[in-house]
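Contents: one structure, followed by commentary.
The values are calculated or read from the model by the stated rules, or taken from the named source; none is laboratory data. The model shown is predicted, which means the values in this text are computed figures rather than measured ones. Here the Cβ positions follow ideal geometry from the backbone for every residue, glycine too, while neighbour counts run over all protein chains shown.
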Amino acid sequence: MTTPHEWQDLAAPYALGALASDERQAFESHLAGCEGCRAEVRSFSEVAGLLAHGAPAAQPPAGLRGRVLAEAGRVRPISAGRRRASPAWLAAAAGLVLAVGAGVTAWRQNGRVRALEGRIATVDSTAAAAESALAMLTGPQVHMVSLAGTGRAPTARVFWNHTRGRFIVFAFDLPAAPAGRAYQLWAIAKGKAPMSMGTFNTDPTGRATIILPVGQEIASLGFVDDCGLTEEPAGGSPQPTETPRLLGAWLHTD
Amino acid sequence: MATIPKVPVPDRELVGRMAEGEDIALGELYDRYGKTLYALALAIVREPADAEEVVVDAFGQAWRQATAFDPARGSVGAWLATIARSRALDVVRARGRRARAHERSALLSEDGIAAPIAGLGPDPSRGAEHSETRRLVAQALAGLPEPQRVAIQLAYFEGLSQSEIAERLAEPLGTIKTRMRTGMEKLRGLLRPLLEGAA
């Protein structure tokens with residue numbers, strides 16, 4: 001049993017990113033309902049931020065500023081007003097993926113798989129979690145779904161390892177759900193109510209790598225049509241309470 | 001080049017303008033934090049070319065996610081440092097542990113474990129405000145008992161968990177936990193003047 005005082009002791013190591021993953025997850029669940037601990041985390045995160053100034057002084061190369069700006073020129077901020085088409089992005093998100101033609105899908109998948117291979121190495125998780133995820137991805141009988149929003153908005157990829165009965169979830173550029181809220185994934189089979197695949201949250205940099213067990217109900221279907229992501233109260237909802245923010249169709253890869 | 005206004009625009013306003021797609025605001029933010037983030041990245045990845053990649057990647061992420069920045073959760077500086085540190089640790093992890101272990105043994109034997117912590121010397125090439133911040137941070141770190149400073153440094157600059165630190169230093173886990181917590185509390189006290197100005 002962890003007392004309130006002991007929880008508070010975790011705020012400093014949490015801000016330093018030094019908790020073991022099980023401890024971190026337990027603390028994050030606690031944070032959802034504890035304003036006192038959230039305030040401690042905010043405070044220690046500022047202290048940690050100042051540690052950046054403790055690095056030895058170094059002069060960045062002159063061209064670096066230009067590279068930073070050039071990179072920004074390639075992509076737009078998520079939902080920046082200037083370039084975006086007018087419809088609300090929630091509505092757009094629901095329609096976008098389904099509108100993509102088969103040829104384009106194949107082309108995008110190649111790019112995505114390559115991007116994924118590159119990014120797996122840098123996914124924000126412990127080395128152990130990453131290794132475990134890789135083992136799952138390379139097994140037989142794996143299906144994948146890519147969930148997309150608008151433009152450069154958040155994306156997610158979900159792999160379903162049938163042999164091991166696990167979903168492996170990678171989320172990118174998805175801002176962390178606020179305190180007391182979480183992201184929930186849904187398996188959508190035609191003619192059936194959406195089935196929860198589980199909940200997760202992203203880290204402060206908008207990334208997540210999560211492995212979720214495949215529930216009995218979904219496993220018994222063997223295959224579902226679509227996968228959606230909604231934001232729900234922490235712990236999840238029995239049924240989605242909003243239009244999916246991200247949505248995609250499962251692909252057969254074997 | 002961006003023109004520099006006489007009254008400095010608050011950081012959070014720059015982030016708001018980035019969210020609108022203004023790349024001039026990104027340039028100004030780079031002028032404020034680029035050097036700090038580069039130094040942070042270099043302290044973690046040790047290779048200038050990798051540090052550059054980290055900085056480009058970190059500002060790219062800040063640019064894309066500017067709309068998600070929430071001032072209630074912390075300052076712009078802490079947000080940027082979190083992103084850059086996380087990207088830098090990704091690079092180190094992707095690179096594998098082998099080369100890293102070699103560097104560590106050199107670090108431990110020659111300069112003591114606290115080597116990456118900045119010295120107290122002046123840095124004439126930096127703006128006065130940042131020099132002052134660096135000086136205060138270096139002074140605060142120097143004010144910690146070494147075991148506490150080492151625990152914090154291994155977590156922040158090397159991305160080690162408490163149990164990894166305990167293993168590395170061959171100390172009981174409970175001891176490391178206490179050192180880290182006590183050290184951070186002490187730092188928070190010593191850095192109070194900077195923290196109050198950070199909002």
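Before moving on, here are some points about what is shown:
- Close pairs (8 angstrom Cβ cut-off, 6 or more residues apart or separate chains): aromatic (F, W, Y) in region A:170-185, assigned to a loop (DSSP other than H, G, I, E, B) and buried (at least 24 other Cβ atoms within 10 Å of the Cβ) anywhere: A:F172/A:P154; A:Y183/A:L174
- Selection within region B:154-168: residues that are over 14 Å from A:A15 (Cα atoms) and at the interface with chain A (Cβ under 8 Å from one of its Cβ atoms). The member of this set that is farthest from the chain's Cα centre (by Cα) is B:S163.
- Failed condition for B:R181, given (1) modelled with pLDDT under 95; (2) in contact with a helix residue (DSSP H, G or I) (Cβ under 7 Å, 6 or more places away or on another chain): (1)
- Taken over region A:156-175, the criterion of being within 30 Å of B:F69 (Cα to Cα) and in contact with a helix residue (DSSP H, G or I) (Cβ under 8 Å, 6 or more places away or on another chain) is satisfied by A:R157, A:F159, A:I168, A:F170, A:F172, A:D173, A:P175.
- Restricting attention to region A:163-175 and to residues that are in contact with a Pro (Cβ under 7 Å, 6 or more places away or on another chain) and part of a loop (DSSP other than H, G, I, E, B), the residue that is modelled with the lowest pLDDT turns out to be A:T163.
- Matching residues, region B:134-153, being crowded, with 21+ Cβ neighbours inside 10 Å and within 14 Å of the chain's Cα centre (by Cα): B:R134, B:V137, B:L141, B:I152, B:Q153
- Out of B:T67, B:T82, sole residue that is modelled with pLDDT of 90 or more, at the interface with chain A (Cβ under 8 Å from one of its Cβ atoms) and within 30 Å of A:G36 (Cα to Cα): B:T82
- Per-region count, region B:27-36, residues at the interface with chain A (Cβ under 7 Å from one of its Cβ atoms) and within 14 Å of the chain's Cα centre (by Cα): 3
- Annotation note: of B:R64, B:R85, the sole residue that is within 20 Å of A:L51 (Cβ to Cβ) and either in contact with a strand residue (DSSP E or B) (Cβ under 8 Å, 6 or more places away or on another chain) or surrounded by 22 or more Cβ atoms within 10 Å (Cβ to Cβ) (or both) is B:R85.
- Given (1) closer than 21 Å to A:V47 by Cβ; (2) modelled with pLDDT of 85 or more, index of the condition B:D57 fails: (1)
- Enumeration of residues in region A:176-223 that are among the β-branched types (V, I, T) and part of a strand (DSSP E or B): A:I188, A:T199, A:T209, A:I210, A:I211
- Count - residues of region B:43-55 that are surrounded by fewer than 20 Cβ atoms within 10 Å (Cβ to Cβ) and at the interface with chain A (Cβ under 8 Å from one of its Cβ atoms): 1
- Residue list for region B:169-199, restricted to those being charged (D, E, K, R) and within 9 Å of chain A (Cβ to nearest Cβ): B:K177, B:R181, B:E185, B:R188
- Subset of region A:8-66 (residues that are at the interface with chain B (Cβ under 7 Å from one of its Cβ atoms) and outside any helix (DSSP H, G or I)): A:L16, A:G17, A:A18, A:L19, A:A20, A:A55, A:P56, A:A57, A:A58, A:Q59, A:P60, A:P61
- Count of region B:170-189 residues which are aliphatic (A, V, I, L, M) and surrounded by 18 or more Cβ atoms within 10 Å (Cβ to Cβ): 4
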